[in-house]
1. Mind checking which pairs have a first residue in the range 216-241 that is in the same structural domain as residue 194 (by the TED database) and a second that is aromatic (Phe, Trp, Tyr) and surrounded by 21 or more Cβ atoms within 10 Å (Cβ to Cβ), Cβ under 8 Å, 6 or more apart or different chains?
2. Name every residue in the range 137-169 that is modelled with pLDDT of 75 or more and of a type in the set (Ser, Thr, Tyr), in order of residue number.
3. Residue 134: among the aliphatic types (A, V, I, L, M), buried (at least 20 other Cβ atoms within 10 Å of the Cβ) and not in a helix (DSSP H, G or I), yes or no?
4. Just one of the numbered conditions (1) exposed (fewer than 15 other Cβ atoms within 10 Å of the Cβ); (2) within 17 Å of residue 38 (Cα to Cα) is not true of residue 284; which one?
5. Among the numbered criteria (1) buried (at least 18 other Cβ atoms within 10 Å of the Cβ); (2) closer than 30 Å to residue 338 by Cα, which one does residue 210 miss?
6. In the range 506-544, how many are among the small types (Gly, Ala, Ser) and closer than 19 Å to residue 442 by Cα?
7. Go through the residues of the range 313-336 one by one and say whether even a single one is farther than 29 Å from residue 461 by Cα, in a strand (DSSP E or B) and either hydrophobic (A, V, I, L, M, F, W, C) or free of Cβ contacts under 8 Å to residues at least 12 places away in the same chain (or both).
8. Name the residues in the range 82-108 that are in a helix (DSSP H, G or I) and surrounded by 20 or more Cβ atoms within 10 Å (Cβ to Cβ), would you?
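The values are calculated or read from the model by the stated rules, or taken from the named source; none is laboratory data. Note that the coordinates shown come from a computational prediction; the quantities given were computed from them, not determined experimentally. Because the Cβ atoms are built from the backbone with ideal geometry, glycine has one as well, and the counts that use them run over all protein chains shown.
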Amino acid sequence: MCCFDPEKYAKQKSDIENIRAFSELLDKNLFTYHFQPIVSSSTGEIVAYEALMRTKGNIALNPLQILNCAKNFGRLYDIEKATLKNTLKYLSKHQLDFENRRLYINSISSHALDDKDFYAIVNDYGELLEKVVIEMTEQTEISEDDLDRIRVRLEKNNMSLAIDDYGTGYSNTSNLLRYDPEVVKIDRSLISGIDQNPKAQKIVSKMVEYFHSSGYTALAEGVETSEELKTMIYFGVDLIQGYYVSKPKPVLIHDISENIREEIVAYSIEAGDKDKKVFHAEDNDVIDLAEMYKKRYSDIFLGTGTFTLSGKAEDDCAVPLSVTIGNGVDCVIHLKNAWLTIYEDLPIIKLGTGSRVRIVCSGEDRIDGRGIYVPEGSSLELVGSGELYIRSESQDCYAIGTDSKQPCGRITVAMTGVLDITANGDKCVGIGGGGCKDGIVIAGGDIAVNCSGDRCVGIGSIDGDADVTISNCGCRLKLAAGMSVGIGAVKGSADISISDYNMSCELSGNNLTAVGVMSNGTGRICILDGRLNISMKGRTLNCVGTRDGELDCELKNTVFKLYCEGGSVSGVGDKTGKGDVTAQSCQFDVMFLTGDGWWLGSPNGTLSVVDCKKDIKINK
């Protein structure tokens, strides 16, 4: 007895419909094509398109179904022939759109056209073949004779060859050497989530390095996120293709999205020189920087683990190397008499998003360049008994943290040794960034911060709120700028706590604030158990506090020595605002040379002074 199986019947019916659709597709040439841009990783400009098979009318078959049917019915040759003829016909009709651009055409290399069919195409399209890149999508080996025939055809007609899906199947190093292509397309399976995968990063960076050393162009295909885009550009690929950049379309677009193009350019500038050689360190590696330099490495990549960086170049100078820490990793870096620099406007040490990094300094360590990049969401802890000297100079400059355009992550300095910072730029931050709401903690060490430029912040935020805690340290700040803040923020809110300290602030320029917020500030300042020397020369000066704001100040067991020369001087509090000021068991030695001076409190706030000593001299 035979039973009716509805699932089997439905499958057989679907198979029959697919066979009919496939036959109609080939016999009536109902192919159409979508075109996906391939762009430069430096400029974001479209340099080529890949022609991707689609169907017209009611033919509901995807490319994989079409190829499976063609394989089952022995018609792969017909697919190859139709693909070449159709795409070249399109190229011929749109020649102006392909000026300085190329067309990638997928080819089934084991079913290459015979001489009659191929040279008929040559006769029809001639010099247009120079615009063509034949993309090998073969999943089976081809014979040497067939490969030689393909090579001869490509060479005679100035066509190029690309290997697709490198890193999977037959697209391996052996076939790479056999085919000797111009372009190698790195498979999507290696790129997916690469920003979060240190192992894939190591593999792909080595691939790109090998491609370039062998004279191949590296193309990243299947890029679907901004993070993947950034990572592949950093690894030095030459070309980018993927849905994030631009999806396949039935028409040729002349430019990709302006936002994406600008993003590519920004990542390219950040990555710097594409001729990179990246060393991927393993846990517990001891890295001799001089050896890295001899071996021509340009970058060191660190994942989760503990690493030691030591040494300098043989001629007693800095080693030009950058250090990149992966996203989301926990990392300990020991610096032992290390001296690093970089020639581009890039950070020397760059923390990945969400990373947690501890740097242990011993001996005399130096960083000459843009400093240590600590993005929002990451954290850096500096410890050790050594001496760390950071020299940073650029238009938008920072030594530890970020530039003025973005907030920094959490920064902790708990050294027993020396941290000496010099930063110069139009906009300049010693420790901090565009904002520092994650917190800056200085909990030990001998700290010196020197900044110069148009707008400077020693420790804190240049364009956002500031959260700063300083204790158990000596700290010297020296700033020379048109507008500068020693500790705190240029604008916004500040939460500043200083205790058990010995601090000096020397500022010169126009609008200056030693501790607090430049203007319209809110929040709180607490200064306990220490000595604060402030010396300022400028036009509008605030020693501790803000102007036109509501910033409360709590002072206890502190010796203040304030010396100011300027047009308008505010001592502790807010000369024109309403913040509350409390001073207990403090000593004030004040000398102001000014035509408009205010030394303590706020006109619209409360003032409490208990057991304080005062020596106030204004214009004396």
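1. Close Cβ pairs (under 8 Å, with a partner that is aromatic (Phe, Trp, Tyr) and surrounded by 21 or more Cβ atoms within 10 Å (Cβ to Cβ)) amount to 217/211; 218/211.
2. Selection gives 143, 160, 166.
3. When the stated conditions are applied, residue 134 passes them.
4. (2)
5. It is condition (1) that residue 210 fails.
6. 3
7. yes
8. Scanning the range 82-108 gives 84, 87, 88, 91.
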